[in-house]
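Student: Have a look at this one before I ask anything.
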Amino acid sequence: MDDLRLALVVDRRRHDVLDHSVVRQEHQRPVLGLDAFARAMLAAGEGDAFSTTTPETASDDVTELVAYAGDAFDPARWLLVSDAAGPVGVVLPQPYPDEPGTGSLFYIGVMPDRRGAGHGARLHLLGLHELAARGCTRYVGSTDERNPAMVRIFERNGARATGTQSFYAPA
């Protein structure tokens, strides 16, 4: 992959990032506040049965992700994506702070009115390109196995299931 500098993509100039025409930003990326990402995650999660973000938890959810990212957190690398038709979604590509060369997408979500058109797969691919640009050669992703849309996105972009994980809580 060549040097992809995929930043905050709010594209009103008809460069359609979601059709793989890469916007190369040579200038400083604008950095949005964490509240902007909390609002975007909340909006993208609306109507998604697998979203756990609520109006009451959105800010805390983003704060937890930043804490988990540790020293590897770079707010200019988290992406709010729009095209000529308006907001598309949000993707938070993040290298792991304790595993050099390994990264994940902390969050990916498509706005409700943009679902069903392949935007999820393109956002996922955009996140993978951003991870590669940051030196990640290994990607680790996860989803609830009952989320067939995300499973298809992983498969479409070349990921495969390598295991399962169970979660437990007090009875």
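Student: Residues with beta-carbon under 14 Å from that of A43, excluding A43: net charge, scoring Lys, Arg +1 and Asp, Glu -1?
Tutor: Taking every other residue near A43 into account, the sum is -2.
Student: How do the peptides 134-145, 104-115 rank, highest first, by the average count of neighbouring beta carbon atoms within 10 Å per residue?
Tutor: Highest mean packing first, the order is 104-115, 134-145.
Student: Largest first and to the nearest Å, give the Cα extent of segment 73-171 along each principal axis.
Tutor: Computed over the Cα atoms, the extents are 44, 32, 28 Å.
Values quoted throughout were computed directly from the atomic coordinates according to the rules given, and no laboratory measurement underlies them. Because the structure is predicted, anything quoted here is derived from the model rather than measured. As a convention, Cβ positions derive from the backbone with ideal geometry for all residues, glycine included, and neighbour counts pool all protein chains shown.
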